[in-house]
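Peer 1: Below is one structure. I have some questions about it.
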Amino acid sequence: MNFKLLLKIIVIILFLNACSNSNVKSNDFQTPDTANINLVQKNINYKSCSVLYNEARKIDSILLHQNDLNKNSATTAIQAFINFANFCKDDSLAPVYLIKTAQVSIAIKNIPQAKIVLDRCIEDYPNFKDKSAALFLLAQLFDEPTYLNNEAEAKRLYEKIITEFPKSDWALSAKGAIAFIGKSDKQILEELKKKSN
């Protein structure tokens, strides 16, 4: 496995533990094109935010206890998270569920959907206390060659985290990520070996 990708996956898993016990089988999912992104509210006729929150929380709990992330549970989770975030925009947990949507989307390799919800989280919730985490996840999408593959944009986002959130844990992670931009897995491993000796 690509070392950079492994490092990125570890960081994503640590954030909010949304998918901490899930393993994705690579044959289960295909990366969809942007035309297949479904980020609209479904089946929420007259449901209250508390009902939508309970549905999102329930599926989140199910994901945490699954050994394998299957397409059905991933799709159900994404829809429940988006329903809550769309219908309950003023709830303080709405941006959290946008990040959880991005995490599940990344896990099933739906990178366009992950980017859309992270952009939305950052733009619609400028005062969100974990905005630095959303920026970091977005930067990683740009940093990964098999995802958005734009190192310049990744670096810009990492630097933004360092500048705007200098005391956050994500600023420290961003500094580390900048150090690895443009380096091969072999170079990264050599640097890590030197640091550990």
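Here's the yes/no breakdown for (1) in a helix (DSSP H, G or I); (2) in contact with a helix residue (DSSP H, G or I) (Cβ under 7 Å, 6 or more places away or on another chain); (3) under 30 Å from Phe84 (Cβ atoms); (4) among the charged types (D, E, K, R):
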residue: Leu148; (1), (2), (3), (4): no, yes, yes, no
residue: Glu153; (1), (2), (3), (4): yes, yes, yes, yes
residue: Gly182; (1), (2), (3), (4): no, yes, no, no
residue: Gln187; (1), (2), (3), (4): yes, no, no, no
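To keep it simple, each residue is scored yes or no on (1) under 10 Å from the mean Cα position of the chain (by Cα); (2) under 25 Å from Ile181 (Cα atoms); (3) crowded, with 24+ Cβ neighbours inside 10 Å.
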| residue | (1), (2), (3) |
| --- | --- |
| Pro95 | no, no, yes |
| Leu98 | yes, no, yes |
| Asp119 | no, yes, no |
| Pro126 | no, no, no |
| Phe136 | yes, yes, yes |
| Glu144 | no, yes, no |
| Tyr147 | no, yes, no |
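Peer 1: Return a yes/no flag: does the stretch 50-62 have any residue that is surrounded by 14 or more Cβ atoms within 10 Å (Cβ to Cβ), modelled with pLDDT of 50 or more, within 15 Å of the chain's Cα centre (by Cα) and under 19 Å from Asp130 (Cβ atoms).
Peer 2: yes
Peer 1: Now a separate question. Do any residues in the stretch 83-95 that are at negative phi have Cβ atoms under 8 Å from those of residues that are in a helix (DSSP H, G or I) and among the acidic types (Asp, Glu), where the two are at least six apart or on different chains, and which pairs are they?
Peer 2: These pairs meet every condition: Asn83/Glu55; Phe84/Glu55; Lys89/Asp124; Pro95/Asp124.
Peer 1: Scan (1) within 20 Å of Phe165 (Cβ to Cβ); (2) touching a residue at least 60 places away in the same chain (Cβ under 8 Å) for the single condition Ile111 breaks and write down its number.
Peer 2: (1)
Peer 1: Show the residue pairs meeting these rules: Cβ distance below 7 Å; 6+ apart or different chains; first residue within the stretch 138-164 and over 20 Å from Pro112 (Cβ atoms); second residue surrounded by fewer than 16 Cβ atoms within 10 Å (Cβ to Cβ) and among the basic types (Lys, Arg).
Peer 2: These pairs meet every condition: Ile162/Lys175.
The values are calculated or read from the model by the stated rules, or taken from the named source; none is laboratory data. Note that the structure is predicted; figures quoted are calculated from it, not measured. Cβ sites come from the backbone with ideal geometry, for glycine too, and all protein chains shown count toward neighbours.
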